[in-house]
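Heads up, the thing below is written out as structure tokens.
The values are calculated or read from the model by the stated rules, or taken from the named source; none is laboratory data. Note that this is a predicted model, so its numbers are computed, not measured. Virtual Cβ from ideal backbone geometry, glycine too; neighbours counted across all protein chains shown. Each accessible area value is taken on the protein alone, full model and side chains, heavy atoms only, with ligands, DNA and RNA left out. Shrake-Rupley method; radii C 1.70, N 1.55, O 1.52, S 1.80 Å.
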Amino acid sequence: MADQLQDVIQRWQKAVVEDGLRPEDHELFQNAGLAYINQGDTTQLLDFIQDEKNQGIVESMGCGLLASLVAEVLKKKKKSSSTCQAIITHLAETCSPMELMLIFLGQVDDLHPDLIADTVLLMAPHLQTVLLRLGEEKAPWVGLALAALQKQVARLPVPYTKEQEMEDAYGLCRCCSALARFMEPFVEEVKRDNSEDDGTASDNKLKTELLKFCMGSLREPLLQAQLDQAIDIYKQSPLWHFATDIMATLPAIQEPLPGLLFYKALKKREESGLLTDSTEAQESRACLAYLLFVQLITIESFPAVFSPVFVLQCNMEYIDLLLSRKEESFLLKGLELYTKSLEKVEDNSLPVELLDLKSFYSVPQHLVQILTVCPIQRLRERGFKVLQLFIDKLGPEAKHKFFRCMIKTSRHAGVEGYIIKNIKNQIELSLKPGHENEWFMGIQVLLLLRLVLCFPLGPETDLLNSMDRVMESLNLLRYLLMRDMDWQQTSSIWPELFKIKEDYLKMLRVCLALSRAYYTGQVKNMREDKKIQAQEAREARGALVQTMTVKNKNVSDMTPEIQYQVLQCALVTFDLMESLVIRIEEISEEKVKTGTAV
């Protein structure tokens, strides 16, 4: 210290031992320390702090310098940064732990976004040092420290691509690695206490705080992270390693994974507010299920006693939550968890009772939204694959009920056409020896046919927008007529089927006539428009097709050339439909002549 402070220092040393320091002593000490920090002369300050004779002074008044020292380190001045960090380290090992905790927690509260990563990386090791100095009452302070750090880290943007993750521009990956290191000694303490099996309350509290942190980390940032690629790609991924650390911590602190995931089904009682139905808690468990069943992290810790159907039933709540969101990371995790949960289920085994559960109704509805609205092609492709996989796992009665539900609720011709194609496949399978079942070859099949072979909107049906459904319906009807001998040998539904066919084709002919007249008129108008000047033609076309939509796209948004092509394609489609109708009528007449139809 400077010469003018020698007398003061000696008085402080004496006061620490005898009558104690006064408020003005604290102020003088802080001002002197700030002067050295502001002047960049931190080496002399470090020498003073580390001097054995001054430890009483440092222990009593050193905390007052922490805020300024932290601010100096964050300025990243090469000359003073390392010495300031050395001073902070010494203070963290010397000053009152309680006072240090209050100051350190204040330093990580409400940070500027640009300072979050640097502050967390700086403060985490010092917080750990102070916490390890606390005795059996450290658990609440560990919880406060983890919550404060996690709150700030959750504000950082999550990398979207592998390149962004490796660049780590905002420091999220570095912070996650620091948090994993921060936890290590406390996890080891819980493991050690569990091995001794003394079951003290302080041990349980520390375990609870670590569990809270792990569940929070699963939601932020891991639920938003892109962890859907092959594992070997992620060997150097900080977020992958963080996910592994979090998942490994749960069994390490003896927190059973089934209890976290399946607490409802296992009737586990609530504990410390963790096992709740809040959205945040559900999101954490959804990410846990994804990492466990899709990425297989710590799968060796999961008991093998649970049946695949039970696991699927429990996971459906998490799949429902993930697929209800709009973010790509949520949807991708939901689709992958759905796929993995279904893969181990035996084909044709899911009972119809499962479809009465809320999640088994809402998940297919979310799938329909992905298939019809989602702009990301790979998600749509995965959606189709998992939809077919789910259909394959349903038992015959469950398939029958699911098909009825989807035809009634999907409200999309493409999805309806896909379901109708599956109905045809099930009927075809049921007619093969050894695969007979009453739901697709007996009287029950009429319930499906009445839903499929109809026009809910009657003559007002837009055949172009309904093309997928109509074409699959006609293919199904043609197949049924061609296999009528199989029907007569196995059931007595032909008379009713014949009536359904007649009503359906009659309405289809009406719709075809109206649609053909409308689109032919549109083509004619467009041809006439070409004779008019360009500006007048554009205005006329805008008026003519202002309300036309094709496949949910406004025709008036298309160029005139595209509009004309759409109209021509519509007429070709109608010709194709009519040719199928004629063929079906021919098959029906042939059967009547040969006496095979009733």
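List of remarks:
- Segment 325-397: relative contact order as a whole-number percent, Cα under 8 Å and 6+ apart: 48
- Built amide H within the under 5 Å cut-off of Leu350, gap 5+: Leu394, Gly395
- Averaged per residue, segment 334-454 has 44 square angstrom of accessible surface, using a 1.4 angstrom probe with ligands and nucleic acids left out.
- The equivalent ellipsoid that matches the C-alpha gyration tensor of segment 299-375 spans semi-axes of 22, 16, 10 angstrom, in descending order.
- Segment 430-472: GluC sites (Glu not before Pro) in DSSP coil with no more than 16 other Cβ atoms inside 10 Å: Glu436, Glu438
- At most 16 other Cβ within 10 Å, DSSP loop - trypsin sites (Lys or Arg not before Pro), segment 49-85: Lys75, Lys76, Lys77
- The slack between Ala248 and Leu144, meaning 0.36 nm per residue of separation minus the straight C-alpha distance, is 35.2 nm.
- For segment 331-384, the alpha-carbon radius of gyration amounts to 1.21 times the rule-of-thumb value 2.2 N^0.38 Å expected for a compact globular protein.
- Protein accessible area in segment 49-106, 1.4 Å probe - carbon and sulfur %: 52
- From the largest down, segment 71-226 spans 46, 39, 23 angstrom on the principal axes of its Cα atoms.
- Approximate spin-label separation Lys408-Phe384, in nm, with each point projected 7 Å along Cα-to-Cβ: 2.8
- Loop-resident GluC sites (Glu not before Pro) (DSSP state other than H, G, I, E or B) in segment 320-389 with no more than 16 further Cβ atoms inside 10 Å of their Cβ: Glu327, Glu346.
- On a per residue basis, the convex hull of the C-alpha atoms belonging to segment 330-426 measures out at 91 Å³.
- From phi via Karplus (6.51, -1.76, 1.60), per-residue ³J(HN,Hα) for segment 405-412 in Hz, x at Gly/Pro: 5, 5, 5, 6, 10, 5, 6, 9
- Charge dipole of segment 435-524 (Cα centre as origin; +1 on each Lys and Arg Cβ, -1 on each Asp and Glu Cβ, all else neutral): 460 debye, rounded to the nearest 20.
- With each label modelled as a point 7 angstrom along the Cα→C-beta vector, the Arg450-Arg192 pair spans 7.3 nm.
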